[in-house]
Amino acid sequence: MKIRIWAAAGTAAAVFGLAACSAGTPDAASSDSTGGGGGGQQVTLTYWATNQGADMNDDMRILQPEMDKFEQQTGIHIDLQVVPWADLINNQLAAAVSGQGPDVSNLGNTNATTLATSGAWYPWDDAALEAIGGADKFVESAFATAGPPGQTPQSLPLYSQVYALYYNKAMFQDAGLEPPTTWEELVSDAKVLTKPDQDQWGITMPAGTVNVSMHMAFITTSQNGGSPFDAAGNPDFTNDAMVAGVKRYVDLMGTDKVMNPSDAQYTDGGGPSTTDFASGKAAMYFQQTGGVNGLNQNGMTPDAYGIVPVPAPDGGDPTGDSFVAGTNISIFKNTKHLDEALKFVAFMTSPEEQEILNAAYGTLPVVKDVPASAFADYPDKLEAWSDILANNARPLSLVPGVSAFQANVGGAVVSLMQQAATGSAPTEDDVRAALEAAKQQTAATS
C-alpha cells in the first residue's frame, strides 16, 4: 500500500509540483474509462487528508478502504495524500497564492477563519450546503467552528475533539490519590507521582510541538478569564491572564519539575507522550479525544485510564477547560471537478462514514444522531467527553490572526519549555517578553 506524504517544504514551488495532477485535468495514471460504458476519462480528485491516526500508515490503513468504497459507489477515483500537521497550513497558504492545489482538503478547524480570508476555498452557501444534506445535519458546536457567525463558511466539520486530562488509574490508586479537580491539586498529585530516579513523571506533554503549545496557551488563558485577542480581533498576548496562564503551564517543567525535560524535544503531537503515558512512564497527560487511538495502538485499553476536564486554577473559569477542536473539510475553489468534490464531501459527512471514521480515530462525530462508536463499550468515557464538549469548551478565537497566533505563540511557548528543560525556570518577565515578541510578529504579518 503506497502512502504519499508531503514533506516540510511549505512553499508554492512544492505545491506546483503536485498540482499538475490535482484541481484540474484527470490524473494521467487514472485516465482510463470508468467502466460505465461512457468511454470518457475517469475523474480523479486529489484529497489532502490530515494525520489523525497513530502515524501516517495508520491513516492509510483507515482511509484507503473508504476511498475505494467511494470509487466503487461513484466511479470517482481519490488520490489520497496524507499531510503532516506541521506542513498543512503552509501548503494550503501556498496553494491559495498559486491558485493550484488539491480538489479537497482537510484543515484544522482552528485555521478555518485564517484560510477563509484567502478566498481560495469554495463557499458553502445555502445551495452548496443543501447539496450535501444541509447545515442542520451537523452538530451545532462543530458547525460553529466553520467560521465567524454571519459569514459564509469555507469549510465544514469532519471530526470533532476536545481536550481532557488523562490519568493512569492504577498509578493514582497505588498512590492513594483521586483525580484532580483544580490546577493546584494537579500539581500536588503530579509531585507525588514524579520519581526522577525511576524515570517516572507526573505529567507528559509533547512540549516541543507548536500546535499543542498554542492549544495549552489558549486553554490556560481561558481558564484565567482571558483571551489572546481583544474585542476587535487584535493580538493581546501580554494581558495578565495570558501571561499567568502560559507561566503556570511552563512551570510544570520549570518550577514544579513534574515533567521530564526530554518532553521539550517531543515535536510529534501524539507519539512519544502517548507512549510514555501508555507505558506508565508518566501518570497524566493533556490530550484530545483522538488520543484514545494512539493509546490503543500502544496496548493501553480504556479501562486503564480515566479522563476529567483539564483542571482550572482554584476560582478559575471551567468553561475554558478546552476548546471545540477538530478537523474540517473544504473544497479548493479552483477545482475543475466541483460536482464530484461535492459528492465526496457528502460521502465523508454521511452518517455511515461518520460512524466508521470517528470510531477508527477515536473522535466525536460531527453529524447529529450518529453514535460515538469509539466509546460504545465505555459509556463513562462517552459521558465525560460529551460533558466536556457541552460545558467545558469554547470555540478558539474566530479571527483571521489565529494562524499567526498558533505559529508565534506556539513557538514562544516551545522556546520557554526548552529554557525550562535546561533547568532555568522562566520568570514572569521571561514569559511576558516571549509573548510580546510573538505579538509583534503576529502584528507584522496581519
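From the residues in the stretch 137-147 that are assigned to a helix (DSSP H, G or I) and of a type outside the set (Asp, Glu), which one is farthest from the chain's Cα centre (by Cα)?
Residues of the stretch 137-147 that are assigned to a helix (DSSP H, G or I), as a first pass: 137, 140-146.
Adding the requirement that they be of a type outside the set (Asp, Glu) leaves 137, 141-146.
Numbers: Lys137: 22, Ser141: 15, Ala142: 13, Phe143: 15, Ala144: 16, Thr145: 12, Ala146: 14 Å.
Going through the qualifying residues, I end up with Lys137.
State the number of residues belonging to the stretch 404-420 that are surrounded by fewer than 24 Cβ atoms within 10 Å (Cβ to Cβ) and under 25 Å from the mean Cα position of the chain (by Cα). Here the count works out to 7.
Restricting the stretch 257-271 to residues that are out of contact with any Ser or Thr (no Cβ under 8 Å at 6 or more places or on another chain) and buried (at least 20 other Cβ atoms within 10 Å of the Cβ), which is modelled with the highest pLDDT? I'd like the intermediate steps shown before the answer.
At the first step, the residues of the stretch 257-271 found to be out of contact with any Ser or Thr (no Cβ under 8 Å at 6 or more places or on another chain) are 262, 264-265, 270-271.
After this cut, where a residue has to be buried (at least 20 other Cβ atoms within 10 Å of the Cβ) as well, the list is 264, 270.
Working: Ala264: 97, Gly270: 66.
Per the stated criteria, the residue is Ala264.
Restricting attention to the stretch 305-339, which residues are surrounded by fewer than 22 Cβ atoms within 10 Å (Cβ to Cβ) and out of contact with any helix residue (DSSP H, G or I) (no Cβ under 6 Å at 6 or more places or on another chain)? Residues satisfying the conditions are Val308, Gly315, Pro318, Thr319, Lys333, Asn334, Lys336, Leu338, Asp339.
Pairs linking a residue in the stretch 204-227 that is buried (at least 24 other Cβ atoms within 10 Å of the Cβ) to a residue that is among the β-branched types (Val, Ile, Thr) and assigned to a helix (DSSP H, G or I), with Cβ atoms under 6 Å and 6 or more positions apart or on different chains, are Pro206/Val212; Ser213/Val413; Ser213/Val414; Met214/Val409; Ala217/Val246; Ala217/Val409; Ala217/Val413.
Listed by first and then second residue, the pairs with beta-carbon distance under 7 Å, at least 6 apart or on different chains, first residue in the stretch 97-123 and closer than 23 Å to Val366 by Cβ, second among the charged types (D, E, K, R), are Ala120/Lys333; Trp121/Lys333; Tyr122/Lys333.
In contact with a helix residue (DSSP H, G or I) (Cβ under 6 Å, 6 or more places away or on another chain), assigned by TED's automatic domain parsing to the domain that holds Val431 and in a strand (DSSP E or B) - does that describe any residue in the stretch 244-252? No, every residue in the stretch 244-252 fails to be in contact with a helix residue (DSSP H, G or I) (Cβ under 6 Å, 6 or more places away or on another chain), assigned by TED's automatic domain parsing to the domain that holds Val431 and in a strand (DSSP E or B). Can you confirm whether Ala312 is among the hydrophobic types (A, V, I, L, M, F, W, C) and either assigned by TED's automatic domain parsing to the domain that holds Gln92 or within 22 Å of Leu364 (Cα to Cα) (or both)? For Ala312, the condition - among the hydrophobic types (A, V, I, L, M, F, W, C) and either assigned by TED's automatic domain parsing to the domain that holds Gln92 or within 22 Å of Leu364 (Cα to Cα) (or both) - is not met. The condition of being touching a residue at least 40 places away in the same chain (Cβ under 8 Å), crowded, with 17+ Cβ neighbours inside 10 Å and not in a helix (DSSP H, G or I) holds for only one of Leu396, Leu389, Leu435, that being Leu396.
I need the strands (runs of 3 or more DSSP E) fully contained in the stretch 148-220, keeping only those with at least 1 residues that are over 30 Å from Phe347 (Cα atoms).
On the way: elements: 156-161, 163-168, 201-203.
The qualifying strands (runs of 3 or more DSSP E) are 163-168, 201-203.
Name every residue in the stretch 229-243 that is within 23 Å of the chain's Cα centre (by Cα) and either within 25 Å of Ser424 (Cβ to Cβ) or assigned to a helix (DSSP H, G or I) (or both), in order of residue number. The answer is Phe237, Met242. Go over the candidates Ala384, Ala425, Ala443 one by one and state the one that is crowded, with 17+ Cβ neighbours inside 10 Å, in a helix (DSSP H, G or I) and over 18 Å from the mean Cα position of the chain (by Cα). The conditions single out Ala384.
Total residues in the stretch 167-186 satisfying the condition of being closer than 16 Å to Gln200 by Cβ and in contact (Cβ under 8 Å) with a residue 12 or more places away in the chain: the figure is 8. Exactly one residue out of Gly208, Gly176 is on the phi > 0 side of the Ramachandran plot, of a type outside the set (Ser, Thr, Tyr) and not assigned by TED's automatic domain parsing to the domain that holds Pro148, and it is Gly176. Evaluation of Thr301 against the conditions (1) within 13 Å of Met417 (Cβ to Cβ); (2) out of contact with any Ser or Thr (no Cβ under 8 Å at 6 or more places or on another chain); (3) not hydrophobic (A, V, I, L, M, F, W, C) shows that the sole unmet condition is (1). Looking at the stretch 66-136, the helices (runs of 4 or more DSSP H) lying wholly inside it that each contain 2 or more residues that are within 19 Å of the chain's Cα centre (by Cα) and in the same structural domain as Gln354 (by TED's automatic domain parsing) sit at 85-98, 112-116.
When the stretch 170-184 is filtered for residues that are of a type in the set (S, T, N, Q) and surrounded by 12 or more Cβ atoms within 10 Å (Cβ to Cβ), the ones remaining, listed by number, are Thr181, Thr182.
The values are calculated or read from the model by the stated rules, or taken from the named source; none is laboratory data. This is a predicted model, so every value here is computed, not measured. Every residue, glycine as well, gets a Cβ built from its backbone with ideal geometry; the counts of neighbours run over all protein chains shown.
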